């Protein structure tokens, strides 16, 4: 096990599912459930916010919980639709190239001495912004997590982690959760620099995955938060010696230019670890 010293987190994220996210260029993308459909809106932020585009796509479950998650590239976001036991589905929303829908030209001319001509031309181009949504090969699992170049994503279900190419959506690698453990995989996975990922377990253990070999290469523990047993963490389950930590949930966050993993500990405290420190080789080409 590799030990990392966490930092205290300054704030606890809103426990409600995020329904709005910044996508760059002064724009935000918002999602909401419309019963049998999911509504998407892109608008500007600032002193005079205004709507740029709308889109709708079908909610095959109906009245689902919907949330939006980060994508590494500008103008894109992952939308996660969850209907509990009925299933889940990840979608990719992105801003398409603006479409020119009208051109207005105004010309002001002045003739001097019938020879020299001075002309001022003002061109006003009206464009229409479009948001497009496409289903990802990430069903019945947590939100899809894209790699830094946007050319692949990770999807993990109850027992399997998959790396899938984009936009072809071809399977690049598969990792099955070890069978010789009483600990189950968690519902989310986090991409790390250097071609690695962190796949937390239900018992709060941080497993590091090498995405080249699609294998678990190590476990990371936090200083001050050792791996103990279920019985020690939960006294009512005394006698259960399954390895367990006090980490109850994880979430991604960004502070300035530093991407980090927030860790919610049993009892309330929250700590943070930069993603670079979780990776065994953050500078490794991948």
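The values are calculated or read from the model by the stated rules, or taken from the named source; none is laboratory data. All figures in this text were calculated on a predicted structure; none of them were measured in a lab. Neighbour counts are summed over all protein chains in view; Cβ atoms, including those assigned to glycine, are modelled from backbone coordinates with ideal geometry.
Being within 22 Å of residue 152 (Cβ to Cβ) and at pLDDT below 95 narrows it down to one residue among 185, 280, 235; which is it?
Residue meeting the stated conditions: 185.
Criterion first (over 22 Å from the mean Cα position of the chain (by Cα), closer than 22 Å to residue 22 by Cβ and either at pLDDT 80 or above or surrounded by 18 or more Cβ atoms within 10 Å (Cβ to Cβ) (or both)) does residue 47 satisfy it?
yes
Restricting to the range 197-230, and then to whatever is in contact with a helix residue (DSSP H, G or I) (Cβ under 8 Å, 6 or more places away or on another chain) and part of a strand (DSSP E or B), can you tell me which residue is surrounded by the most Cβ atoms within 10 Å (Cβ to Cβ)?
206
Show me the strands (runs of 3 or more DSSP E) entirely contained within the range 139-185 in which 1 or more residues are touching a helix residue (DSSP H, G or I) at 6+ places or on another chain (Cβ under 7 Å), touching a residue at least 60 places away in the same chain (Cβ under 8 Å) and buried (at least 17 other Cβ atoms within 10 Å of the Cβ).
Once the strands (runs of 3 or more DSSP E) in the range 139-185 are filtered for at least 1 residues that are touching a helix residue (DSSP H, G or I) at 6+ places or on another chain (Cβ under 7 Å), touching a residue at least 60 places away in the same chain (Cβ under 8 Å) and buried (at least 17 other Cβ atoms within 10 Å of the Cβ), nothing remains.
Please enumerate the residues belonging to the range 231-245 that are out of contact with any strand residue (DSSP E or B) (no Cβ under 8 Å at 6 or more places or on another chain) and surrounded by 15 or more Cβ atoms within 10 Å (Cβ to Cβ).
Selection gives 231 alone.
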